[in-house]
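I have placed the structure first, in the form of structure tokens, so that the comments after it can refer back to it.
Derivation of every value follows stated rules applied to the coordinates shown; laboratory data play no part. On a predicted model such as this, the values are computed, not experimentally measured, just so you know. Backbone-built Cβ (ideal geometry, glycine too); neighbour counts: all protein chains shown.
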Amino acid sequence: MKAIQLEQPGSFRIIDIEEPSKPAPGEALVRVHRVGICGTDLSGFLGKMPFFSYPRIPGHELGVEVLEVGQGVSNVRPGDRCSVEPYMNCGDCHACRKGSTNCCANLKVLGVMTDGGLRDRFIVPAHKLHPSTKLTFEQLALVETLAIGCHAVDRPALAKGENCLVIGAGPIGLSAIVFARLTGARVIVMDMNRQRLDFCKNIMGVDETVMLSEQPEAELRRVTDGNLPDVVIDATGSNVSMGNAFGYIAPTGRLVYVGITTQAVSFKHPIFHRPEGTLLCSRNALPRDFTRIIKLIEDGKIDTKPWVTHRTGFDSMIEDFPSFTRPETGVIKAVVEVS
């Protein structure tokens with residue numbers, strides 16, 4: 001069976017792997033139909049993702065079909081279309097026991113720390129599958145990206161009427177925008193790419209956009225009536241942006257890091273101490289986020305149509321992938337059509 005392996009940063013190759021075994025009790029054999037490309041994959045390709053290990057078969061945003069189930073599996077059956085919750089947690093550590101499975105001490109994320117979905121078929125724990133009778137494989141592949149944004153918005157308990165600034169209008173930033181808008185908050189987006197800001201304003205329906213400039217605080221005060229944002233979600237993965245974000249929050253405001261950097265983040269303490277700021281991090285997502293998102297898409301409350309701007313096939317992905325790292329190509333979300 002063929003698979004795509006990221007051998008080292010910047011270098012993909014096609015490899016032959018063994019056929020998957022029959023599913024054991026509690027497992028399911030799935031066929032991969034669609035794989036979403038996200039910031040983690042791009043950072044892994046560029047060598048900037050601290051949790052990524054090489055060589056690795058990427059792919060954690062997955063729309064799959066159940067082919068066979070093992071003994072004792074009742075939540076899915078052959079033929080079901082599913083999204084995959086790609087966070088393989090141990091169930092026994094302190095984080096798992098308190099329900100924070102996204103922060104498992106022994107976490108293995110598909111396509112990041114263990115092999116993922118850029119292959120035809122593989123075995124997955126059945127409880128990590130979230131089925132839908134209504135969604136397409138492409139929509140199901142988008143659920144994990146949306147889950148990241150869902151969890152990031154939950155972390156600061158964003159409330160209706162608050163000003164929320166999302167920095168970075170890539171896929172993770174866009175997913176945070178979706179859930180920030182669902183809270184009834186006033187949503188502001190900051191980015192250095194005018195095309196992405198236009199997308200946020202015209203397609204995503206955000207309230208304000210701010211072009212990153214030499215004096216962003218002044219512009220933010222202008223669009224918040226001088227108050228600055230109550231919640232800032234930084235989805236850039238840039239240590240410079242993450243350091244600057246400490247100066248953007250309103251009194252008792254909350255700063256959330258959902259992007260990841262390998263570089264040191266620095267700031268002058270008084271600018272964050274003065275407003276009595278709170279710093280939060282958001283990692284992965286929780287099972288309930290997947291269930292919620294599937295229902296929201298099924299009910300028409302989240303429109304996935306504008307999200308996928310680029311598609312590629314399994315055989316052409318290696319050639320096309322470098323273009324997905326360049327914002328000037330207009331990529332919002334790329335999807336690999338595996339089968």
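Structural remarks
- Each peptide among 181-187, 87-93 gets the average number of other Cβ atoms lying within 10 Å of its residues, and from highest to lowest they stand as 181-187, 87-93.
- Here the peptides 264-276, 225-237, 96-108, 282-294 are ranked by packing, the mean other Cβ count within 10 Å, and the order with the highest first is 225-237, 282-294, 96-108, 264-276.
- Kirkwood radius and radius of gyration were both taken over the C-alpha atoms of the stretch 156-281, and their ratio Rg/Rh is 0.92.
- Cα-centred dipole magnitude for the chain, charges only on beta-carbon of K, R (+1) and D, E (-1), debye, nearest 20: 580 debye
- Lysine pair count for the chain with Cα-Cα distance under 20 Å and sequence separation of 8 or more or different chains is 19.
- Summarising the strand pairing of the chain, around 55 percent of its internal DSSP beta bridges are antiparallel.
- Two-site label geometry, Arg222 and Asp207: point separation in nm, points 7 Å out along Cα→Cβ: 1.7 nm
- Put simply, the Cα atoms of the chain extend 61, 41, 37 Å along their principal axes, the longest span coming first.
- For the stretch 18-90, the Cβ-based charge dipole about the Cα centre amounts to some 140 debye (Lys, Arg positive; Asp, Glu negative; other atoms uncharged).
- Taking amide H as placed 1.01 Å from N in the peptide plane, Val232 has its amide H under 5 Å from the amide H of Leu165, Arg254, Leu255, Val256, each at least 5 places away in sequence or on another chain.
- Cα lying deepest toward the dipole's positive end in the chain, options Pro25, Ile249, Thr236, charges on Cβ: Ile249
- Once divided by 2.2 N^0.38 Å, the Cα radius of gyration of the stretch 54-109 becomes 1.36.
- Simple point charges give the picture: +1 on the Cβ of Lys and Arg, -1 on the Cβ of Asp and Glu, and for the stretch 281-339 a dipole about the Cα centre of about 400 debye.
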